[in-house]
Structures are given as structure tokens and as C-alpha cells.
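Inspection log for the structure reproduced underneath, given as C-alpha cells.
The values are calculated or read from the model by the stated rules, or taken from the named source; none is laboratory data. Just so it is clear, the structure is predicted and the values come from calculations on it, not from any experiment. Methodologically, a virtual Cβ is constructed for each residue, glycine included, from the backbone with ideal geometry; neighbour enumeration extends over all protein chains shown. For accessibility, only protein heavy atoms count, side chains too; no ligands or nucleic acids. Shrake-Rupley method; radii C 1.70, N 1.55, O 1.52, S 1.80 Å.
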Amino acid sequence: MFVRETEWWKYSIIYQIYPLTFADGNGDGIGDLQGIIQRLDYLNDGKDNSDSSLGIDAIWLSPINQSPMLDNGYDVSDYYDICNTFGTLDDFQRLLEQAHRRNIKVILDLVINHTSSEHPWFLESRSSRYNPKSDWYLWHDPAPDGGVPNNWLSYFGGTGWTYDDKRQQYYYHAFNSHQPDLNWHNPEVRAAIYDVIRYWLDLGVDGFRLDASSVYSQDKYFRNNPVKFEGREDKYKDQYHIYDQNLPENHEIIREIRSIIDEYDNRVLSGETFIDNRLYDSLIFYGVNNDELHLPFTFEFPLSPWYPGYLQREIEKKELLTPEGSWQVYFLNNHDLPRHLSRWSECSICFDTFAIAKASATILLTVRGTPILYYGEELGMVNHENIPLEQLRDQVAMSCLDEECLPSRDGTRTPMQWDDSPQAGFSFGKDVTPWLPVHDNYQYVNVETELSEQDSILNFYRELIQLRKNSKALQKGTWKPLIYYPYEHLAYLRETEQETVLVAINFSYEKNFDLDRAIPKQYWQVLLSTNLSVGDIIPLPQLLQPFEISILQFTPDHAVP
Ligand code: GLC
Ligand code: CA
């Protein structure tokens, strides 16, 4: 591996774990830290050429802090402790140590835009208008008619304001009413959160994913957001969020957090930068002087249709817009989005799920930038669309069933599928009901079965990951498309001075392989392919077979037999 320790996050593959449904170690039906520890070898057993592990380099854990779990941990009630459901601080320290032993870095989700309404800070703040923490949240008197102070909305639906009887004031929440926003104008709040950050860094975590990092700060004067032409004021997407999102102060806060990160060696700062879906706006989260996020998560693949021209355009845009000295990051899925195979199978008439799984994995793992995998994606897990109403767990979604509110995210969060035993091996306890129902395809979509099938999706991911690890071109080389307006196939080069790798993916039932740019015709070595024999040295193929994926390395000096 060529990882320079200080920039490990550039050349690493990150794997997102949703702790509630990854692995249940104590057998109560809910995922926990013990379960994750027991499954670490699957993620990376620390051995080169392992025959059973995935080979990822870092895990990002969705929140594990103490929480009443109204938003499954994205509502923290104690930043210094681990939620009892998941285990103890000792368990966490063991996880850190066991992960590090296997060369797996550990990234925590830091939910600091808001706390839980049960956090002691909020309890104190709401207890009266005159207490030391009265100004730790965004309180405001009612409008003269007694209504909400302004038109700010909750991202989850409805108004962003909730009235509190005791203070006879409203408090603001960018998300659910149980998630009151902290008042980041207040230096005491900043100091308290920065202490939290230092605490976990001191403990040895390798970095953070900043949750909701574009909405930390709101306008001091509480001005109304303007409404788009012919838009509806009560619709989140119809407002221009100039007073509740992405304010200059928001960036000041991230720079302060980054400067703390920089006091420590080799830590990474990533964050969710979702703003009106616009890549351009998200890229400013690198910071004018590359002094904000190392890895701002932008949503180009999750928001793309399954169409080569569109996907290529997104990559091209990102290549053009990523500032000098910054580094790209890509993902297909996360815990808030329907799984990509469900999204993309739906809108593609001529591509089966299996082929989409391999083609999308190829793109994710061969573009320039850090790839993030979401647990189970490597198996081809799809969304669970038929969870019975009484088993749904996404309470913030259920609290607002309006069409414009957030749809339930449970379908993307079902238990990891480990084997074909009951509960898919998710729980180490027998006869328990898992926290969310297991998808019924678990008998063939699971780790154990797929490890034993040579051409499974899992083995394809494992090969791609190995390939990426062994290729400087795939890790850090330039990215250059070979077709201007791809319609049926994608082809691009990844290049360093010493190495040229060609990635070609056929999206169609037809054979085709037209390239607009000239590249050498001879000789290429097959590194990975769904059709060609790996290791063979061949002239540049004339045609790609239907749905073929091939990754070839240019071998100029090769003496051809
Ligand atoms: C982020 C999280 C999401 C959560 C929300 C509120 O968008 O990804 O799961 O509900 O923030 O914390
Ligand atoms: Ca458990």
C-alpha cells in the first residue's frame, strides 16, 4: 500500500456502519459494539490477500452516543457516553483497539447542530428565561399574533418552530421538534462542543463525520427566507435558504473545528454538506484555504439516474470544480437514502440488479476520490419495501405522515445479511426479533453464501478493493473520460506517470466500444473483467460484450507471444 499516513483518508476505503442493524453481539435483537467487534475480521482481518475479508480501511459509525433514540442516535443526550443499547465506554475502547490492530481507522458521527430535547443543556435552557443556559438554544418570542417567529421550516416537514409553555417562547429546530438547534452564536456553546471534540480525539478516534454541517448557524435577526417565484412558503424546497443554511458563520465554525483536528496527528474531518442538491455550494466546504472539511460529502451519485452520460457529467463536474489541493469523495448510499440498487433498478429498463451492482461498484471504486461504502451494499442488498407499519422504527418520519414530510428511511437500514440462518446471522442470540425485519432475500444475498460463489457481488467488491489498493493510478492518478457524450458505455483512464489504467463499462445489451479519444491499441493486461481472462495480455478490445466490465492496464513493453 502507498498510504502516506498523514493523508490516509485520501487512499482509504471508508465503510459506513449503522450500529443498530450491523451485528447484535449480546443477543437482544439490537446491533451493538460487541457485535461490530466480532465482525471486524470481515471488514479487514489485517492480512494481505485475505480470503474472506473485504479489505476496507476505515469505518464510520452512525451515532453511538447516549440518546433517547427518537432519531436513532441523531439526537444526543450525553456526548460523553455511549448509548446503553450499544454498550459501554469500555466496549468502545475495545472496539478502537481491535479496529486499530487490523489497520481500520474509526470515524465517529458528530451530531452537534442540535441535541436531544432530553439533553440536560436543553432541560436547563427551557426551565426558565433566566438561567445560565437560557441562551444555549435558539429561543424567540411569538410573533405579535402569537404564531411562529418567522417562516423557517423543518427539513423533516412543517414549521421549524415549537412552542414551549414554560418559557412561553418558541425554539427552533432544523429537524424534528425533539432535536432543538444549539445556538452557535453563543461562545459558551462553541466551547462546550469543542471540549466534546477534544475528548473523543484524546481517546484515539481517527476523525469525524459532521452531521448536518450546513445548518449550524442561523441569521441573528431571524429574517424570513425569501420564497421562490410561484413557490409555496410552507414548502422547504420552495424557499431560498439564505437565512437558515450555509451562513458565513457556519464556515467559521467548521474552520474552528478543523483547527482542533489539526492539533492532532492524522485525523480526518468529513461532513454532510447537503444544500439544495448543488455541488457548487457543497464544494465551498473545503474552505477557501482548504481549512474546512477534508471530505465534504456531496450527493452526486445518489441523485443521478442510471445513465452513463449523466454519471460521467457528475464526475466531470466534480473533477473541474474540486479546488486545487482538495480531494474528492464519492458514495452511492447512506442511511437516509433508498439503497442504490432499488433506486437504479426502478429507473432502468434494460439492466438487471446484478449488473447494476457490479457496474456501480466499478465506478465508485475506480473514480478519483475516497469511496464510501454503506454496509450491505457490497452484497447487493436492496431496500426493504414491505416493512409492516407496526415494525417501522423511523420515528421522526412517522411523526409527520404528510406527503411532503420525510418518507421512512427504515427500508435502507435493515439488518446486515451475514448468512442464511434465521435473522440472517444478524443476532448472536437465538429466537430474538431483530430491531428491523431482515429482507427476505437473505437466503442468497448474504456474506457466507457470496464468499463461496466466485462471481458474487461481494467477491467483485473484494477484487475491486484489492485492485485499487495495488494500483497507484487507481488511487491517485488523473481521471480522463474517453467518450465525450457517453450513451451506452463509459470508458475512462486513470493515469500516473508510470501507470495507465483503462476502465470500460458497457451499460447496454448491445456490443459496442467506440472511443472518441485515441489511446494505444496494444498491449493491455486484464486486471479485472466480467468477460476476459484476468492476467491475459491483449490488444485493445474492439468490442465490449453486453454489460461487460473490464479494467485493463497498459503494458507498453510487453513482448507479445
Ligand atoms: C442528518 C442525518 C440524518 C438525521 C439528521 C438529523 O441528515 O444523516 O439521519 O436524521 O441529520 O440529525
Ligand atoms: Ca444488542
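Summary of values
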{"item": "Residue check for CYS347: at pLDDT below 95 and surrounded by fewer than 16 Cβ atoms within 10 Å (Cβ to Cβ)", "result": "yes"}
{"item": "Where LYS480 falls short, out of the listed (1) at pLDDT 95 or above; (2) closer than 27 Å to GLY376 by Cβ", "result": "(2)"}
{"item": "Within region 542-561, considering residues that are under 21 Å from GLY477 (Cβ atoms) and in a loop (DSSP other than H, G, I, E, B), the one modelled with the lowest pLDDT", "result": "HIS558"}
{"item": "Test: GLU497 is touching a Ser or Thr at 6+ places or on another chain (Cβ under 6 Å) and either open to solvent by 40 Å² or more (accessible area, probe 1.4 Å) or assigned to a helix (DSSP H, G or I) (or both)", "result": "no"}
{"item": "Evaluation of PHE175 against (1) in contact (Cβ under 8 Å) with a residue 40 or more places away in the chain; (2) assigned to a helix (DSSP H, G or I) (one fails), failing number", "result": "(2)"}
{"item": "In region 198-212, residue farthest from ligand 1 (Cβ to nearest atom) [restricted to those that are surrounded by fewer than 23 Cβ atoms within 10 Å (Cβ to Cβ) and on the phi > 0 side of the Ramachandran plot]", "result": "GLY204"}
{"item": "Helices (runs of 4 or more DSSP H) wholly inside region 376-477 containing at least 1 residues that are of a type in the set (Phe, Trp, Tyr) and closer than 18 Å to ASN333 by Cα", "result": "457-469"}
{"item": "Cβ-Cβ under 6 Å pairs, at least 6 apart or on other chains, region 322-339 side in the same structural domain as LEU311 (by TED's automatic domain parsing), far side within 16 Å of ligand 2 (Cβ to nearest atom)", "result": "HIS335/TYR18; HIS335/SER62; HIS335/ARG413"}
{"item": "GLU404, sole failed condition from (1) in contact with a strand residue (DSSP E or B) (Cβ under 7 Å, 6 or more places away or on another chain); (2) open to solvent by 30 Å² or more (accessible area, probe 1.4 Å)", "result": "(1)"}
{"item": "Exclusive hit being free of Cβ contacts under 8 Å to residues at least 40 places away in the same chain and either within 16 Å of ligand 2 (Cβ to nearest atom) or surrounded by 19 or more Cβ atoms within 10 Å (Cβ to Cβ) (or both), set ASP81, ASP48, ASP71, ASP90", "result": "ASP90"}
{"item": "Which numbered condition TRP200 misses (of (1) touching a residue at least 60 places away in the same chain (Cβ under 8 Å); (2) over 21 Å from PHE331 (Cβ atoms); (3) part of a loop (DSSP other than H, G, I, E, B))", "result": "(3)"}
{"item": "Test: residue in region 5-14 that is within 16 Å of ligand 2 (Cβ to nearest atom) and among the charged types (D, E, K, R)", "result": "no"}
{"item": "Single residue of region 298-330 satisfying the filter (aromatic (Phe, Trp, Tyr) and open to solvent by less than 10 Å² (accessible area, probe 1.4 Å)) that is modelled with the lowest pLDDT", "result": "PHE301"}
{"item": "Identity of the residue in region 144-197, in contact with a Pro (Cβ under 9 Å, 6 or more places away or on another chain) and closer than 14 Å to TRP121 by Cα, that ends up surrounded by the most Cβ atoms within 10 Å (Cβ to Cβ)", "result": "TYR171"}
{"item": "Enumeration of residues in region 211-234 that are farther than 17 Å from HIS173 by Cα and out of contact with any helix residue (DSSP H, G or I) (no Cβ under 7 Å at 6 or more places or on another chain)", "result": "PRO226, PHE229, GLU230, GLU233"}
{"item": "Members of region 5-28 found to be touching a helix residue (DSSP H, G or I) at 6+ places or on another chain (Cβ under 8 Å) and assigned to a loop (DSSP other than H, G, I, E, B), listed by number", "result": "TYR11, ILE13, PHE22, ALA23, GLY25, ASN26"}
{"item": "Residues located in region 506-561, provided they are under 24 Å from ALA355 (Cβ atoms), β-branched (Val, Ile, Thr) and open to solvent by 50 Å² or more (accessible area, probe 1.4 Å)", "result": "THR530, VAL534"}
{"item": "When residues of region 227-254 are limited to those that are farther than 24 Å from TRP139 by Cβ and loosely packed, with under 15 Cβ neighbours inside 10 Å, the one nearest to ligand 1 (Cβ to nearest atom)", "result": "LYS237"}
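This table checks each residue for (1) open to solvent by 30 Å² or more (accessible area, probe 1.4 Å); (2) not hydroxyl-bearing (Ser, Thr, Tyr).
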| residue | (1), (2) |
| --- | --- |
| TRP8 | no, yes |
| SER12 | no, no |
| ASP32 | no, yes |
| ARG39 | yes, yes |
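The rows are residues; the columns are (1) more than 30 Å from ASP164 (Cα to Cα); (2) within 16 Å of ligand 1 (Cβ to nearest atom).
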position	(1), (2)
PHE92	yes, no
ASN103	yes, no
HIS119	no, yes
SER125	no, no
ASN131	no, no
